[in-house]
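Just so it is clear, none of the values below were taken in a lab; they were calculated from the coordinates. Predicted model only: the values in this text are computed from it and were never measured. Here Cβ is always computed from backbone atoms with ideal geometry, including for glycine, and neighbour counts include all displayed protein chains.
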Amino acid sequence: MLSALILWPWLVALWLAGRAQDSHRLAVPAALFELLLALAVLFGADTPDSRALHLPLLGYLWYLQNSSLGATLAVTAAALLPFALLFAWRLEEFRGFTIAALVLVGALMGTFFSQNFLGFYLFYEIVALSGAWMILIGGDRDRAAALRFLLYTVGGSLLLLVAVLYLYLRSGNTNGIYTFSWTHLAAAAAPDPDLAWWLFLAMLAGLAVKLPLFPLHSWAGPAYGRAAPPASMLLSGAAVLAGAYGLIHWAIPLLPLGALHFAPYGILLGAIGTLYAAFLALDAPNLRRFAAWVSVSHMNLVAIGLFALQEQAVHGALFLLVAHAVLAAGLFGVIAILEARGLPGHWDALGGLFRQTPQLGAWMLFFFLTGMGLPGLANFPGEFLSLAGAFRVSPWPAAIAALGILLSVVVFLRAYERVMLGPLNPGIARGTGDLAGRELALLWALGLLCLWLGLDPQPLLGQFQGLLPVHSAVLFGGVAHGH
Amino acid sequence: MADWLWLIPGFPLLGALINAGFGQWLGVPMVKRLAALMPLLSSVVILVIWLEHATHPELVDRVWTWMAVGSFVAEIGLRIDAVSLVMVSIAAFAGFLIHLYSQQFLAGDYGERRYYFYLNLFVGGMLVLTMADNLLLLYLGWETVGLCSYALVAHWYRQKKNAWAGRKAFVVTRIGDTTFAIGIFLLFAQYHTLDIHRLLQMISGQPVPSVLLAASVLVLIGALAKSAQFPLHLWLPDSMAGPSTVSALIHAATMVTAGVYLSIRLLPLFAAVPGMLWVIALLGAWTAFFAASCGLAQVDIKRVLAYSTISQLGYMFLAVGIGAPALGLFHLLVHACFKALLFMAAGAVISIYAEDHDIRHMGGLKNQQPLLRWTFLAGISALAAVPLISAGFYSKDAIIDASWLAPHGALLYALALAAALMTAAYAFRLYFLVFEGEPRVGEPYQLGWGMKIPLLILAVASIGIGWLQFPPGWPGPHLWLPWLRAELGPTPEPSGNLALVLETVGAAVTLVGIWLGYLAARWERQGRGLSRIGFLAHAWYVDAVALRFLPPVVYGGARFLRLGVEHLLFRSGILGGIREGLQWGGVGLVWGENGLVSRYVAFMGFGLLLLLLLLWGGL
C-alpha cells in the first residue's frame, strides 16, 4: 500500500513519458487515484511496513512505515496534485509538467514514510531534482533560478548527509550494527552538546533550506517567481512539506539536545524571516514574486512554531503547513487564471480588473484574506497556535513575528488594489472573460477547504496528536523547555 | 443552556452564504429582500429573549469546539448577558433598519449584490463579536467586521481614492488588532485560558503580574483603534468614502462601538492595573474635545458627522474610565440611534444635492423635505444634548456630571464640558447650514416608505430613549442603571446641590453652543466661517503628519530590504561567493560544461565520495 503510493505516480509518469497523446485524459484520474490511496492510508487501511532492498551496512533502503503525521502530509501533497494539474491544463507543455509533477509527488510520498535515512535522503534529492526540472517547464524557463534552487537544496542536503553519516558511524561503532534505520539512529546515545549543536546545524541546513528558513531563503523568490504558477503551487505547497517533515521526524528526534539548544535561535530566525519576507512581498515587482514571498513568510512562521518545541505551537505549525498548501493552490491558482487570460502579472499591466472579472476578483480577495490570517479561514488556527505557543516560550521574537499580522494587511490589500480596484487599466482587453466553469469549480473546492479548515480545524489538529510516542516525548515535555 | 442562541448570528451569516453561492441565480431584487429579512429574523429571536429573560439575562450556547490542543481550548461559544443583550439588539435592529433603508437608497447602484453580502456578513460578524464568550471568537468577529468595513468603504472601488480609504481603514484598525492579538497571546501565556469569564475571575483577587500591565495596554490599543480614538482616529474620517448607509451602520452605530464594548467587557482587566482606568478616562475626554474641535470646521457633511462620532465615542471611553460603564453603554445605545439616523438622513441630503458633500452649497431644505428636516433635527438635538427633550441630554450629560467625581475630575470635566459646548455648536451649525436659510434647490427626491420608516423610528428613539434613566434625584423612571447594577456594579452619580449645579451648567453650555452654532452658520454663509481655520479643518494636521512619515518609512524600508539586502547581500554577495569558491576549488571543472542534471549528479557523487572517505578515515 505504502509502496503503491510512491510507485503509482512514477509508473504513470513513465507511461506518459513514452506516449505523446493521452496526457490530458490520464493525468487527473491518475492524480485522483493517488489521492484516494493517500486517504486510504490515512483512514486506517491496513498498511504493513514495507521493506525491500536490504543492503549490507545500510539496512533496508526501501523501508516504509505509516504514521499519522506522514499520512496527513501525504494526503495534503496528493490533494494538491490534481489542483496543480487542472490549473496547468492550458499549459503548452502539459505533458512535461504532468510527468515532473508526478515524479515529485511520488518522491514526496517516499520522504513521508521512509524509515531509512538513506531512503529519505534519496527521495529528498529526487524532490529537489524534479522541482528544479519543473521550474524549467512553462513559466519563464529561467535556468539561473532553477540552478540556484538546486544549489541551495543540494548544498544544504550534503551537510544533512554528513551529519547523519556521522551519527550512523557513531552508532555503528558503539554497538556494531550499521544501519540507517530511524529506530537505530534515534536510539543511539546522544552526542555531547557541543557536537550536537553542530550536527543539528548541519541537518538544519539541509532541511530548513526547503522551507525556506531565513537566511536560506534566497532561492525562493526567483524559483517561485519565475516558474509557471502551477509549478510554484507544488513547490511552495507540497515540496516544503518534505523539509518540515524532515525537521520534525529526523532532525529533532535524532538530535534533541541540538534542537533544544538551537530552538531560541530558530524562533528568532523564523520571526525575522516572517517579517523580512513580508517586506519583500510588499515591494515585489509583480504578482508572482508577491505570492512567492508571502509563501516564504508563512513558512518562517511554521519554523517559529516548530522551534518553539511546545505543544500548541507545534500543532499550529503543522496545521499551518497543511493550510498553506491550500492557500498556495488558491494564490497561484488565481495567478494561473490571470496568466491564462494573457495578463502577465506586472502591476503596470493590471488595475481595475474587478469590473471585468468580478467573480475572479471575489475569489482573489478570499484567498488574500486567507493569507492575511483572517479568523474563520484556513491559515488562522495555524498562525494563532504557532504564535500563542511561541509566546509562552520566548515572547519577544514572537512579538516581532506578530507584527507580521499588521504588515500582511498592507501587503495583501495593496496588491489587491493594484490588480482589481481603481479605474480599469486601458491595457486590459475589454473582452477579458470571467471565470470559466472549470476554474470556478476549482476555486469553490479550495474555498470550501479553506472555510472548513478555518471553522472546524479540530479534526486535522487531532491528527497531529497521533505523532509517534518518541516525537511526543521529545517535543512535548520529554525535554523540559521553559515551562 | 440555550442551544438556539446561534440563530442570532446564524441568520445573517446564512444570508451572506446564500448570496455568495446562489445570488447570481436569485437575482438582485430577491437578494435584497432576503438580505433585509435576515437581521429581522435575528431581531425576532432577540425580542424573544427580551420578553422572556429581560430581568436577568444569562444564556449560554456552546456550538462546537473550535480548537483544542492540550490545555488550550477555544469553543465557538455564545453568551448573552445584559451588556451583550443591549449590543446585539443594536446590531440586529439597527442593522435591519439600515438594510431596509438601503433597499431604495442604493437601488440601481453597481455592486448591489456585493453590498448586501458584506452587509449581512457584517451584521453576523458584529453579533458574533458581541456574543462571544471567549477572546478568540471575539477576535473572529472583530476581524470579520473589520473586513466588511474595508469592503464597504471601498464599495465604489472604481475610484482609486475609495479603495485607498478602505485600505487605510483596515490598516489603521489592524494596528490595534495586532496589539490586541499580542495581548491575547500574553493573557493566554499567563492564564492558559481565553474564556472571558474564567479569565476575569483569575485576574480579580490575584496579585497583579507585570505581564498584566503589558497585556492590558495592548488590548486597550486594540479597543482604541477600533473605536477611532486619538491618535488612531485617522481612519474614520476617510472611511466616509463608502455609502452613507455603511457609515450609519458600521462607522456610527455598531463596529466603532466594539472598542467600547470590549473595554466594558474587560473592565476588571483594566481595573486590576493601577491608574489604567484614569488613563482611559483622560484619553476619552481628550478625544471628545479634540474631535469636537475638528468638527467645528468641516464642510463635508459626512466629515462633520465622522468627527462627531469620534467625539461621542470619546465620551463613552470617559464613562468607562471613571467607573461608570453603565452610563457608557447607555450613551452607546443613544448614540447608535441618533447617529445612524443622522448618517442615513445625510445620505438622502447628499443624493438631493447630486453627490455634493459640501454644506456650504446647501441650504433651506426644510420646506422641500419636511420629514427629512424634522427627523434630522431630532438627531441633531440628541447629538447636541438639548436639555430635557433629547436623549443625548440624559446619557451624555450624565457622563459629564459623573466625571466631576473622578480623581482629578476637574480636568476631565473641563475637557468634556468644552467638548459639549463645541458639539452643540457644530451640530447646529450643520443643521442651520443645510436646512435653514435661503433655499438652494436640489434635485427632486422622493423618500419611499422604506426610507421613511427607519428615519421615523430612529427619530422617536433619539428623543425618547433617554427617558429610560432620569438624572439622579429627579422624579421619573430610573430603569437603566438598576438593571445593569448586578453586572456592572454601582455607578457614581453626583447628588444634592452639586448635581443641580452640574446639570444646570451642562444645560446652559448646550444652549450657548446652539447659539454659537447659529452664528457659525451665518459666518460660514458670509464666507468667513470656521472652515477657514486650517488647523481645525485639517484636524490639527495629525493625519497629514502621519501620512507624510509613516508610509514612506514602510515602503522605503521594503525597497531597501529588496534592493539593498536581498539583491546585494544574499544574491550577489553570498551566492556569488559560493560560486567563486566552488570554481576555485576545482569543482568548477565539472561545473562548466554539461547540462543541468549531469552537473548535479557529478557534483553530488564527487561530494559524497569525498565525504565518505573523510569520515571513514576520521573515525
Original post:
Over region A:339-424, with a single point scatterer placed on each C-alpha, what log10 of the ratio I(q)/I(0) does the Debye formula yield at q = 0.12, 0.16, 0.18, 0.19 1/Å?
Top reply: -0.47, -0.70, -0.80, -0.85
Original post:
What are the radius of gyration and Dmax of region B:48-172, computed over its Cα atoms and given in Å?
Top reply: 17.2, 53
**OP:** Would you mind calculating the gained length between B:R158 and B:A107 on full extension (0.36 nm times residue separation, minus the Cα-Cα distance), in nm to one decimal?
**Re:** 16.6 nm
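Would you kindly state the longest site-free stretch of chain A, with sites defined as chymotrypsin sites (Phe, Trp or Tyr not before Pro) in a DSSP loop (not H, G, I, E, B) surrounded by at most 15 other Cβ atoms within 10 Å?
Looking at chain A, A:179-483 is the longest stretch - no exposed chymotrypsin sites (Phe, Trp or Tyr not before Pro) with at most 15 other Cβ atoms within 10 Å.
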Subject >> At R0 = 25 Å, FRET efficiency that the Cβ-Cβ distance of B:R525 and B:V460 yields, to 0.05 >> reply: 0.20
**OP:** From other protein chains only, count the Cβ atoms within 10 Å of every residue's Cβ in B:176-185, then give the mean.
**Re:** 5
Subject >> Approximate spin-label separation A:L32-B:S495, in nm, with each point projected 7 Å along Cα-to-Cβ >> reply: 7.8 nm
Original post:
Given the C-alpha centroids of region B:488-522 and region A:345-372, what is the distance between them in whole angstrom?
Top reply: 52 Å
Subject >> P(r) tail fraction, region B:342-452 - alpha-carbon pairs more than 25 Å apart, % >> reply: 33 percent
Original post:
Between A:D140 and B:S572, what FRET efficiency follows from the Cβ-Cβ distance if R0 is 25 Å, with the result rounded to 0.05?
Top reply: 0.80
Subject >> Alpha-carbon centroid distance for the pair region B:243-289 / region B:411-485, whole angstrom >> reply: 20 Å
Subject >> Relative contact order (%) - chain B, alpha-carbon pairs under 8 angstrom, separation at least six >> reply: 11 percent
**OP:** Could you name the lysines whose alpha carbon sits less than 26 Å from that of B:K452, not counting residues in the same chain fewer than 8 places away?
**Re:** B:K32, B:K302, B:K339, B:K366
**OP:** Quick one: dipole size for the protein assembly as shown, taken about the Cα centre, charges +1 on Lys/Arg Cβ and -1 on Asp/Glu Cβ, in debye to the nearest 20.
**Re:** 2080 debye
Subject >> Pairwise centroid distance, computed over Cα atoms, of region A:255-319 with region A:398-450, Å >> reply: 23 Å
**OP:** Taking chain B as the reference, fit the longest principal axis to its C-alpha atoms, fit the long axis of helix B:7-26 to the helix C-alpha atoms, and give the angle between the two in degrees, 0 to 90, nearest 10.
**Re:** 70 degrees
Original post:
Considering every residue in B:110-123, what mean count of other chain Cβ atoms within 10 Å of its Cβ is obtained?
Top reply: 1
Original post:
With the dipole of chain B worked out from charges on the C-beta (+1 for Lys and Arg, -1 for Asp and Glu) around the Cα centre, which of B:A424, B:A461, B:L412 lies farthest toward the positive end?
Top reply: B:A424
**OP:** Return one number: the angle in degrees, 0 to 90 and rounded to the nearest 10, between the long axis of the Cα atoms of helix A:379-393 and the longest principal axis of the Cα atoms of chain A.
**Re:** 40 degrees
Subject >> Efficiency of FRET from Cβ geometry, B:W25 and B:W4, R₀ 30 Å, rounded to 0.05 >> reply: 0.50
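For chain A, calculate the relative contact order in percent as a whole number, restricting contacts to Cα pairs under 8 Å that are 6 or more residues apart.
Computed value for chain A: 15 percent relative contact order.
If you count, for every residue in B:67-77, the Cβ atoms of partner chains within 10 Å of its Cβ, what is the mean? Show your work: numbers first, answer last.
Details: counts 13, 6, 17, 9, 2, 9, 0, 6, 0, 2, 0.
Mean inter-chain Cβ contacts per residue within 10 Å come to 6.
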Original post:
Relative contact order, percent, of region A:21-101 when contacts are C-alpha pairs under 8 Å separated by at least 6 residues?
Top reply: 37 percent
Subject >> Alpha carbon convex hull of chain A, projected area averaged over orientations, nm² >> reply: 20.7 nm²
Original post:
Simple spin-label model, 7 Å along Cα-to-Cβ: A:A445 to A:T432 in nm?
Top reply: 2.6 nm
**OP:** Per DSSP H run of at least 4 residues, take -39500 (n - 2.57); add these up for the protein assembly as shown, divide by its residues and hand me the 222 nm value, nearest 500 deg cm²/dmol.
**Re:** -23000 deg cm²/dmol
Subject >> Evaluated at q = 0.08 Å⁻¹: base-10 log I(q)/I(0), Debye formula over Cα of the protein assembly as shown >> reply: -0.83
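Report the gain in length on full extension from B:A410 to B:V279: 0.36 nm times residue separation, minus Cα-Cα distance, nm rounded to one decimal.
The B:A410-B:V279 span can extend by a further 45.7 nm.
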Original post:
Quick one: helix B:370-384 against the long Cα principal axis of chain B, what's the angle to the nearest 10°, folded into 0 to 90?
Top reply: 70 degrees
**OP:** Could you check the simple spin-label distance between A:H54 and A:A17, using points 7 Å along Cα→Cβ, in nm with one decimal?
**Re:** 3.0 nm
